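The values are calculated or read from the model by the stated rules, or taken from the named source; none is laboratory data. Here the structure is a predicted model, which is why all the values come from computation and not from measurement. A quick note on method: Cβ atoms are made from the backbone with ideal geometry, for glycine too, and the neighbour counts reach across all protein chains shown. Note: accessible area is taken over every heavy atom of the protein model, side chains too, but ligands, DNA and RNA are not part of it. Shrake-Rupley method; radii C 1.70, N 1.55, O 1.52, S 1.80 Å.
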Amino acid sequence: MGNGVMVTTGWVLSGLFAAFLLVASAGPKLIGASVATDSMAQLGWPQGYTLMIGLIEVACVLLYLWPRTSVLGAVLAMGLLGGAMATQLRAGNPLFSHVLFSLYLGLAMWGGLWLRDPALRALFPFRG
C-alpha cells in the first residue's frame, strides 16, 4: 500500500471514529438527550456527570484530529474508553457487544492514527 493511500485511509478511519464518538456519544450527552441521561443512570453514573463526560469526549476527539496533538488525544481517548469498558464490566453487560465495544473503537482510533502518522508507523512498524 502506497504512503498516500495509507494516509488517506488513516484519515478516513480517523474521521469515522471521530464522527461516531461526536454524534453517537458526545452529542446526546451535550444536549441532555434522555437516551444519554437514562443510559448513564442505568450504568450508575449520577446525572451531573453526563455533560462533563460529553465535554471530555469532544476535547479528546479534537486533540486526536489535530496532527500536532493526535497522540495525546489518542492516549486520553483510550483512557476514556477504558473507563467506559470498566463501567460496562461493572454493570454486568454482555462481553462482546458492550464491554469490548470500547476496545473495538480504540483499535479503529489507533489504526487510523497509525495509518496517517509516519512517525507512529516508524515507532511501531508492521512486520508481516
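Can you work out the FRET efficiency for the pair ALA122 and VAL23, with r the C-beta to C-beta distance and R0 = 30 Å, to the nearest 0.05?
Details: r = 33 Å, r/R0 = 1.09.
Efficiency, rounded to the nearest 0.05: 0.40.
For MET109, MET1, what's the largest-to-smallest order of accessible area, 1.4 Å probe?
On the way: MET109 0, MET1 155 Å².
The ranking, largest first, comes out as MET1, MET109.
If a/c stays under 1.5 just call it rounded; otherwise compare a/b with b/c (prolate if a/b is bigger, oblate if not). Do that for the range 32-128, with a ≥ b ≥ c from the square roots of the Cα gyration tensor eigenvalues.
Details: a/c = 3.35, a/b = 1.69, b/c = 1.99.
Taking the square roots of the gyration eigenvalues as a ≥ b ≥ c, the range 32-128 is oblate.
Tally Lys/Arg at +1 and Asp/Glu at -1 over every other residue whose Cβ is under 13 Å from the Cβ of GLY111; what's the total? Present the calculation step by step, with values, prior to reporting the outcome.
Details: positive: ARG116, ARG121; negative: ASP117.
Local charge sum for GLY111: +1.
Mark the label point 7 Å from the Cα of ALA91 along Cα→Cβ and return the residues of the range 30-48 whose backbone N is within less than 14 Å of it.
34-47
Among GLY111, PRO46, VAL5, whose Cα projects farthest towards the positive end of the dipole of the chain, with charges put on the beta-carbon of Lys, Arg (+1) and Asp, Glu (-1)?
Positive-most Cα among the choices belongs to VAL5.
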